[in-house]
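To start, the structure under review is shown below, and the notes come after it.
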Amino acid sequence: MASRIRVKICGLTDPASVAAAVSAGASYLGFVFFPKSPRNLGHDAARALAAEVPPGIAKVALTVDADDAALAALMDRVPIDMLQLHGHETPERVAAIRARFGLPVMKAVGIADEADLPQLAAYARVADQLLVDAKPPKTAALPGGNGLSFDWRLIANRRWPVPWMLAGGLTPDNVAEAIRLTGAIQVDVSSGVESAPGVKDAALIDRFIAAARMEDVR
């Protein structure tokens, strides 16, 4: 029986990591376009990696507060299936990007405490998917991929009118618990399957996806 748990491996930077994620059964592969990130890719490198992705696996481009020109240049060079907005984009900006570029849009929303939860409802009205992530510290250089989690009980049994994905500090050792506590059927991981910043580990990718999908048989 096919698993209902869908996994996104984000921040892939080389062919071996793409192959490992595909082999392990990832449903989404994420490519980062943010110069401050150790996982940042140029358009040509990303295009080459995207060519290695089989049909049926979504290619997701992570951008941070990118303007229309930057998004157009990215989409002109790299064959992607979904945009992931991981900056301070407002709901109005999300709606505008979705309308202009015609691709599904996933909006990342950082959560630290209950006061952050209303943002999820606001973005659910304009995005195709939500990425429920840990809010980065104010001093953090990166908006995500920091290996931080939040109190998963904050979103236990909550639902939104669009699909959502859990992110933030997930690892092969805690992803099963995170799924049990939140009811998530989609999870995202980047630093939790790395041996060093930006360096994916094939064994960790395999362990992560296997651990996530074990919840289907419990």
Taking a label point 7 Å from the Cα of ASP65 along the Cα→Cβ vector, which residues of region 30-46 have an amide N closer than 20 Å to it?
32-41
Too-long pairs where the Cα-Cα distance tops 18 Å, listed order kept, from LYS107/LYS200; LYS8/LYS59; LYS8/LYS107:
LYS107/LYS200
For region 1-120, what does the accessible surface come to per residue with a 1.4 Å probe? Please give it in Å².
44 Å²
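Given the chain, report the % of alpha carbon pairs whose separation exceeds 25 Å.
The proportion of pairs with Cα distances above 25 Å equals 33 percent.
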Could you work out, for region 35-91, what percent of all Cα-Cα pairs fall into each 5 Å distance bin, beginning at 0 Å and stopping at the bin that holds the largest distance?
4, 17, 30, 27, 15, 7, 2
Give me the percent of the accessible area of region 1-61 that comes from carbon and sulfur atoms, probe 1.4 Å, all protein chains in place.
55 percent
Accessible area of region 167-218 divided out per residue, in Å², using a probe of 1.4 angstrom
41 Å²
Spatially proximal aspartates and glutamates relative to LYS36 (Cα-Cα < 16 Å; intrachain offsets below 8 disregarded):
ASP65
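The values are calculated or read from the model by the stated rules, or taken from the named source; none is laboratory data. Just so we're clear, the structure is a prediction, and the values are computed from it rather than from any experiment. Cβ coordinates were reconstructed from backbone atoms using ideal geometry, including for glycine residues, and neighbour counts include every protein chain displayed. Calculation scope for accessible area: heavy atoms of the full protein, side chains included, ligands and nucleic acids excluded. Shrake-Rupley method; radii C 1.70, N 1.55, O 1.52, S 1.80 Å.
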